[in-house]
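Engineer: Please read through the structure below; I'll follow up with questions.
The values are calculated or read from the model by the stated rules, or taken from the named source; none is laboratory data. As the structure is a computational prediction, the values presented were derived from the model and not from experiment. Cβ coordinates were reconstructed from backbone atoms using ideal geometry, including for glycine residues, and neighbour counts include every protein chain displayed. These area figures cover heavy atoms from the full protein model, side chains too; ligands, DNA and RNA do not enter into them. Shrake-Rupley method; radii C 1.70, N 1.55, O 1.52, S 1.80 Å.
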Amino acid sequence: MSAHLPSGRAVRTDRTALALRGLRKMFGDVAAVAGVDLDVQEGEFITLLGPSGSGKTTTLRMIAGFTEQSAGSIEIDGVDVSTVPPHKRDVGMVFQNYALFPHMTSAENIEFPLQMRKVPKAEAKQKVADALKLVKLDSYGPRYPRQMSGGQQQRIALARAVVFQPRLLLMDEPLGALDKKLREALQLEIMHISRQLGATVIYVTHDQEEALVMSDRIAIFHDGKIEQLGSGEDLYERPISLFVADFIGESNILHGKFAGGSVVAELGTWRVGDAAAARASLGADSPAALVVRPERLRLIPRTGDVPAGVNTVDATVTDVLYLGSTRKYELRLANGQGVGVRQQLGGPETTWNPADEVRLAWDVDAGVLVAGRGA
Amino acid sequence: MTDSFRRWNRSLLVVFGVFVIVFLIGPSIVIVPMGFTAGQSLSFPPVGFSLNWYGKMLSDPAWTSGFINSFQVAVCTAVVASVLGTMTALGIARGRFPGKTIANALILSPLVVPVIVIGIGMFSFFVRFKLSGTLVGMVIAHTALSVPYVVVSVSTSLRSMDRNLEMAAANLGANPWRTFRRITLPLIMPGVFAGALFAFLESWDEVVVSIFMTTTKFRTLPVVMWEQVRQVVDPTVAAVATVLLATTTTVLTLALVVRRQTPVR
Ligand SMILES: Nc1ncnc2c1ncn2[C@@H]1O[C@H](COP(=O)(O)OP(=O)(O)OP(=O)(O)O)[C@@H](O)[C@H]1O
Ligand SMILES: [Mg+2]
């Protein structure tokens, strides 16, 4: 069988590698994880993305067995592991602070899981060498962690976590302590390595760009629950809630009421595409929000005809930022709300200046409808 | 802060420093030359130079057996106390059980309970088990006194150790025992070792409890000194004191050096 995931990695089977069912964790009265359901296919790269305190780490720790769940179940390869201690779960983990054993060299660190599994010495040596090669640190075997940079330490930690071919690879913000440039290089490296090994990866980050780059699917965490699960494109183009729309990418959000296939507000009435309306399935007169991405908005003169199938709202330019390949406009609506527009350069667009009175226009189908505040 | 205040501060510091040197360190240093005197009495300054008193110390079986006894007791105490103390520190740091705070306080209590009280208590208790005046009895008594030092030292090491390392070990397939042997113990070893040295010292110069625990058959060095000083004050005591002091200083220096290296990160 060879289905293909969005990242292009081949899935060998459609077996479920990990299944979380109604997973909960209470700390006293507070639910750190409040009912998480998730199915991860073998070979899939899933990212848990969400704001601080949304329960990502707690979820990961329950999968690894460091924290006992309060309710629900965790199945790895179809077997409930809820009562299996961490050292028997056969799950690799990469920690944010590397967690390399300081009294062992890189090679000894990588060999540790093999020793625990009683792998014969010669075979273990070979595997350590292969793992070092995999992370491009062939000659770093004899070094101690303190003799290596953060990025090198994290690569050794990755080698240690994959050398025993665990059934799952968990990573909790593995690149969080590294600078941007190194982070980007390591993102690609982690992707390549996990793809090469066909590893099933659960990755935690709160860097959304990282999530978009690396993942087959992203689970947006919010208050201990998965708010939306889908590909990066799903989340960006079709957010199902105000939270996701606001969290992923830049967005302009117009609040109003949903009435007769439109969002009605003081500033205007905007048509909603049929597909978007069907997805949101809001009741009549319920609070609604129309989400429009900055690159979907155009600036047009106030005078002149509005083409069919286009929504508009009047605005005043406040700032114009030149960003190389794009130009960014900051505008203000009549009610004082700020709006951002991104214009691809190189086209026939006219350039506007601060204080210009303009009209913002977007295709009806470019707007995404979600339930508004208080809905 | 005003300048005059700072000046005051500095003079106070100097006065305090002089005090410490004269009254704390002075007496211990003064004893050293007194052991090398060529005269017959324990006095300062010493008269001439000789090794007579060291010779006398080495030829007197009361002193030599005192040395051997003290050394045996101190080494055994260091070993037993470091094992027990390490286990205790682990239990307090990692365990979850009711009454943990109280247990912790009880274990550390020998640090604050007056030694004389402990001495009397142990005496009446050990007599009952026929343990007074034996090596075993002395080791048990000194262990009780020195376990707190090990607990404190190991606890400090444990606190500065990254808990993630133990989780990482478990994650990589190590059961709790192997995690302890391969990860935790090597990383807290400097703390354990320093604790063992402190335990050695606690036993090595312990007098009060030892006095209650000794019989004529089994006496530790400080007890022999105590008894000698009450009878004849000859410069042999100064020679013995110098050896005692030298041992203590060496071990203490070692302990401090070891402590410095905690933990490897
Ligand atoms: N041991 C604990 N005791 C009590 N509360 C805890 C404990 N661990 C986590 N929490 C709480 O559970 C919630 C979720 O924490 P968690 O660490 O899973 O968040 P996170 O999504 O990983 O956040 P971040 O992005 O900051 O790492 C938080 O509100 C946190 O305060
Ligand atoms: Mg976290």
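Engineer: Give B:PHE198, B:PHE218 a once-over and let me know the one that is away from every other protein chain (no Cβ under 14 Å) and either touching a Gly at 6+ places or on another chain (Cβ under 6 Å) or surrounded by fewer than 18 Cβ atoms within 10 Å (Cβ to Cβ) (or both). Quick ask: steps written out before the conclusion?
Structural biologist: Numbers: B:PHE198 fails: either touching a Gly at 6+ places or on another chain (Cβ under 6 Å) or surrounded by fewer than 18 Cβ atoms within 10 Å (Cβ to Cβ) (or both).
Only one candidate qualifies: B:PHE218.
Engineer: List the pairs whose first member sits in the range A:85-108 and is closer than 22 Å to A:TYR203 by Cβ, whose second member is aromatic (Phe, Trp, Tyr) and open to solvent by 10 Å² or more (accessible area, probe 1.4 Å), and whose Cβ atoms are under 9 Å apart, counting only residues at least 6 apart or on separate chains?
Structural biologist: As it stands, the answer is A:PRO86/A:PHE66; A:ASP90/A:PHE164; A:GLY92/A:PHE164; A:MET93/A:PHE66; A:LEU100/A:TYR144, since those pairs meet every condition given.
Engineer: Still on this model: Determine which single condition A:PHE247 fails, assuming it passes every other condition in (1) within 23 Å of A:VAL94 (Cα to Cα); (2) out of contact with any helix residue (DSSP H, G or I) (no Cβ under 7 Å at 6 or more places or on another chain); (3) at pLDDT 90 or above.
Structural biologist: Here A:PHE247 meets the rest and fails (1).
Engineer: For the range B:91-111, check the following and say yes or no: at least one residue is of a type in the set (S, T, N, Q), in a helix (DSSP H, G or I) and surrounded by 13 or more Cβ atoms within 10 Å (Cβ to Cβ). Explain how you work it out, then say what you get.
Structural biologist: Residues of the range B:91-111 of a type in the set (S, T, N, Q): B:101, B:104, B:109.
With the extra rule that they be in a helix (DSSP H, G or I), the set shrinks to B:101, B:104, B:109.
Next cut, surrounded by 13 or more Cβ atoms within 10 Å (Cβ to Cβ) only: B:104.
Scanning the range B:91-111 turns up at least one residue that is of a type in the set (S, T, N, Q), in a helix (DSSP H, G or I) and surrounded by 13 or more Cβ atoms within 10 Å (Cβ to Cβ).
Engineer: Go through the range A:14-27 and count every residue that is more than 16 Å from A:SER54 (Cα to Cα) and within 16 Å of ligand 1 (Cβ to nearest atom).
Structural biologist: Qualifying residue count, the range A:14-27: 1.
Engineer: Would you check which residues across the range A:87-97 are open to solvent by 30 Å² or more (accessible area, probe 1.4 Å) and either more than 9 Å from chain B (Cβ to nearest Cβ) or farther than 18 Å from A:ARG15 by Cβ (or both) and list them?
Structural biologist: To start, the set of residues in the range A:87-97 that are open to solvent by 30 Å² or more (accessible area, probe 1.4 Å) comprises A:87-88, A:90, A:96-97.
Of everything in the range A:87-97, those that are open to solvent by 30 Å² or more (accessible area, probe 1.4 Å) and either more than 9 Å from chain B (Cβ to nearest Cβ) or farther than 18 Å from A:ARG15 by Cβ (or both) turn out to be A:HIS87, A:LYS88, A:GLN96, A:ASN97.
Engineer: Just to check your reading of the model, which residue among B:VAL20, B:VAL75, B:VAL83 is loosely packed, with under 14 Cβ neighbours inside 10 Å and within 25 Å of the chain's Cα centre (by Cα)? Show your work before the answer.
Structural biologist: Working: B:VAL75 fails: loosely packed, with under 14 Cβ neighbours inside 10 Å; B:VAL83 fails: loosely packed, with under 14 Cβ neighbours inside 10 Å.
Of B:VAL20, B:VAL75, B:VAL83, the one residue that is loosely packed, with under 14 Cβ neighbours inside 10 Å and within 25 Å of the chain's Cα centre (by Cα) is B:VAL20.
Engineer: With a cut-off of at least 2 residues that are within 14 Å of chain B (Cβ to nearest Cβ), among the aromatic types (Phe, Trp, Tyr) and within 16 Å of ligand 1 (Cβ to nearest atom), name the strands (runs of 3 or more DSSP E) lying wholly within the range A:142-250. Give the steps one after another, and end with the answer.
Structural biologist: Numbers: elements: A:168-172, A:201-205, A:217-222, A:225-230.
Hits in the range A:142-250: none.
Engineer: A follow-up question, please. Within the range A:58-99, restricting attention to residues that are of a type in the set (Asp, Glu) and part of a loop (DSSP other than H, G, I, E, B), which residue is farthest from ligand 2 (Cβ to nearest atom)? Spell out the reasoning first.
Structural biologist: Filtering the range A:58-99 down to residues of a type in the set (Asp, Glu) leaves A:68, A:75, A:77, A:80, A:90.
Imposing the further condition that a residue be part of a loop (DSSP other than H, G, I, E, B) reduces the set to A:68, A:77, A:90.
Details: A:GLU68: 18, A:ASP77: 26, A:ASP90: 23 Å.
So the residue we want is A:ASP77.
Engineer: Please pick out the residue among A:GLU68, A:GLU75 that is away from ligand 1 (no atom under 11 Å from the Cβ) and within 13 Å of chain B (Cβ to nearest Cβ). Steps first, answer last, please.
Structural biologist: Working: A:GLU75 fails: within 13 Å of chain B (Cβ to nearest Cβ).
When all the criteria are applied, what remains is A:GLU68.
Engineer: Taking A:LYS118, is it in a helix (DSSP H, G or I), open to solvent by 10 Å² or more (accessible area, probe 1.4 Å) and of a type in the set (Lys, Arg)? Break it down stepwise before answering.
Structural biologist: Details: in a helix (DSSP H, G or I): no; open to solvent by 10 Å² or more (accessible area, probe 1.4 Å): yes; of a type in the set (Lys, Arg): yes.
No.
Engineer: So A:THR47 passes all but one of these: (1) out of contact with any Ser or Thr (no Cβ under 9 Å at 6 or more places or on another chain); (2) within 14 Å of ligand 1 (Cβ to nearest atom). Which condition number does it fail?
Structural biologist: Only one criterion is unmet by A:THR47, namely (1).
Engineer: Find the residue count for the range A:196-249, including only residues that are closer than 30 Å to A:LYS133 by Cβ, out of contact with any Ser or Thr (no Cβ under 7 Å at 6 or more places or on another chain) and surrounded by fewer than 23 Cβ atoms within 10 Å (Cβ to Cβ).
Structural biologist: Matching residues across the range A:196-249 total 8.
Engineer: Looking only at the range A:260-278, decide whether some residue is touching a residue at least 60 places away in the same chain (Cβ under 8 Å), open to solvent by 70 Å² or more (accessible area, probe 1.4 Å) and more than 27 Å from A:GLU233 (Cβ to Cβ).
Structural biologist: yes
Engineer: Regarding A:GLY55, is this residue buried (at least 19 other Cβ atoms within 10 Å of the Cβ), in the same structural domain as A:GLN228 (by TED's automatic domain parsing) and away from ligand 2 (no atom under 11 Å from the Cβ)?
Structural biologist: Details: buried (at least 19 other Cβ atoms within 10 Å of the Cβ): yes; in the same structural domain as A:GLN228 (by TED's automatic domain parsing): yes; away from ligand 2 (no atom under 11 Å from the Cβ): no.
When the stated conditions are applied, A:GLY55 does not pass them.
Engineer: Taking A:LEU235, is it farther than 27 Å from A:ALA277 by Cα and aliphatic (A, V, I, L, M)?
Structural biologist: For A:LEU235, the condition - farther than 27 Å from A:ALA277 by Cα and aliphatic (A, V, I, L, M) - is not met.
Engineer: Continuing with the same structure: On the given criteria, is B:MET189 facing another protein chain (nearest Cβ under 10 Å), in contact with a helix residue (DSSP H, G or I) (Cβ under 9 Å, 6 or more places away or on another chain) and part of a helix (DSSP H, G or I)? Let's see the steps before the verdict.
Structural biologist: On the way: facing another protein chain (nearest Cβ under 10 Å): yes; in contact with a helix residue (DSSP H, G or I) (Cβ under 9 Å, 6 or more places away or on another chain): yes; part of a helix (DSSP H, G or I): yes.
Against the criterion (facing another protein chain (nearest Cβ under 10 Å), in contact with a helix residue (DSSP H, G or I) (Cβ under 9 Å, 6 or more places away or on another chain) and part of a helix (DSSP H, G or I)), B:MET189 qualifies.
Engineer: Something else: Within the range B:112-135, can you find the residues that are open to solvent by less than 80 Å² (accessible area, probe 1.4 Å) and within 9 Å of B:MET213 (Cα to Cα)?
Structural biologist: B:GLY119, B:MET122, B:PHE126, B:VAL127, B:LEU131, B:SER132, B:GLY133, B:THR134
Engineer: Just checking, does the range B:141-160 include any residue being within 14 Å of chain A (Cβ to nearest Cβ) and not in a loop (DSSP other than H, G, I, E, B)?
Structural biologist: Looking only at the range B:141-160, we keep the residues that are within 14 Å of chain A (Cβ to nearest Cβ), and these are B:157, B:160.
Applying the additional criterion that residues be not in a loop (DSSP other than H, G, I, E, B) yields B:157.
For the range B:141-160, residues within 14 Å of chain A (Cβ to nearest Cβ) and not in a loop (DSSP other than H, G, I, E, B): present.
Engineer: Suppose we filter the range A:104-115 for residues that are over 18 Å from A:ASP138 (Cβ atoms) and open to solvent by 20 Å² or more (accessible area, probe 1.4 Å); how many remain?
Structural biologist: Qualifying residue count, the range A:104-115: 1.
Engineer: If you don't mind, there's one more thing I want to ask. Suppose we keep only residues that are open to solvent by 20 Å² or more (accessible area, probe 1.4 Å) and not in a strand (DSSP E or B) within the range A:21-52. Which one would you say is farthest from ligand 2 (Cβ to nearest atom)?
Structural biologist: The residue in question is A:GLU42.
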